[in-house]
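In what follows, a structure is listed as structure tokens, so that the remarks can point back to it.
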Amino acid sequence: MLFSRIVETSSAVGATRSRKAKTEALRALLADLDPVDTGTVVSWLSGELPQGRIGIGWRTLADIEAAPAEAPSLGIGDVDSVIGDVASTSGPGSAGRRRSLLTELLSRATAAERDFLVRLLTGELRQGALEGVMTDAIAKAPVPASKLRK
């Protein structure tokens, strides 16, 4: 599944005050996911990274100059892999390597995807998919419980 679908769902959830509409949008997304991506996407839509804190702040992201992609091409696995690489990068030269990884990711992201990523990476993703709404959506979607545990 394309990462843009997660971004579109997040936008739809953030645009409504209706708990029922939020739950339905999340349920529809979860039902369409490949089970291997479920835990990652649930974390993202809850405003968290499966990798935990990765040491990326506003300053790092604000300094990245890369034109956004015109069309969506990123997959869920692509995004998760780069975030994992950023999280595991340490030692001498790690700041440059992290910046390089993030520049490449953000240059492949559309403007909407980029906005979502920046908010996710900095812990500022606010869309109204609180734990209760996400729990309701999970309960209504055919999501294996084993794919939700961290």
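The values are calculated or read from the model by the stated rules, or taken from the named source; none is laboratory data. Worth saying up front: this structure is predicted, and the values here are computed from it rather than measured. Cβ: placed from backbone, ideal geometry, glycine included. Neighbour counts: every protein chain shown. Calculation scope for accessible area: heavy atoms of the full protein, side chains included, ligands and nucleic acids excluded. Shrake-Rupley method; radii C 1.70, N 1.55, O 1.52, S 1.80 Å.
Quick notes on this one:
- Residue selected from segment 105-120 under the condition open to solvent by less than 10 Å² (accessible area, probe 1.4 Å) and among the hydrophobic types (A, V, I, L, M, F, W, C), by the criterion nearest to ILE54 (Cα to Cα): LEU120
- Single unsatisfied condition, ALA67 versus (1) touching a Ser or Thr at 6+ places or on another chain (Cβ under 9 Å); (2) open to solvent by less than 60 Å² (accessible area, probe 1.4 Å): (2)
- Enumeration of residues in segment 66-103 that are under 20 Å from GLU124 (Cβ atoms), not in a helix (DSSP H, G or I) and not hydrophobic (A, V, I, L, M, F, W, C): PRO68
- Looking across segment 121-137 at every residue that is among the polar types (S, T, N, Q) and touching a residue at least 24 places away in the same chain (Cβ under 8 Å), the one that is surrounded by the most Cβ atoms within 10 Å (Cβ to Cβ) is identified as GLN127.
- You will find that of LEU29, LEU102, the residue that is surrounded by 19 or more Cβ atoms within 10 Å (Cβ to Cβ), touching a Ser or Thr at 6+ places or on another chain (Cβ under 6 Å) and within 22 Å of LEU2 (Cβ to Cβ) is LEU29 and no other.
- In segment 98-120, the residues that are touching a residue at least 60 places away in the same chain (Cβ under 8 Å) reach residues that are in a helix (DSSP H, G or I) and of a type in the set (Val, Ile, Thr) with C-beta atoms within less than 7 angstrom, at least six apart or across chains, in these pairs: ALA112/VAL7; GLU113/VAL7; PHE116/VAL7.
- Residues in segment 33-49 that are assigned to a loop (DSSP other than H, G, I, E, B) and either under 15 Å from SER4 (Cα atoms) or open to solvent by 60 Å² or more (accessible area, probe 1.4 Å) (or both): LEU33, ASP34, GLU48.
- Candidate set: segment 6-26, residues that are under 21 Å from ARG114 (Cα atoms) and either touching a strand residue (DSSP E or B) at 6+ places or on another chain (Cβ under 9 Å) or surrounded by fewer than 19 Cβ atoms within 10 Å (Cβ to Cβ) (or both); chosen: the one modelled with the highest pLDDT: GLU8
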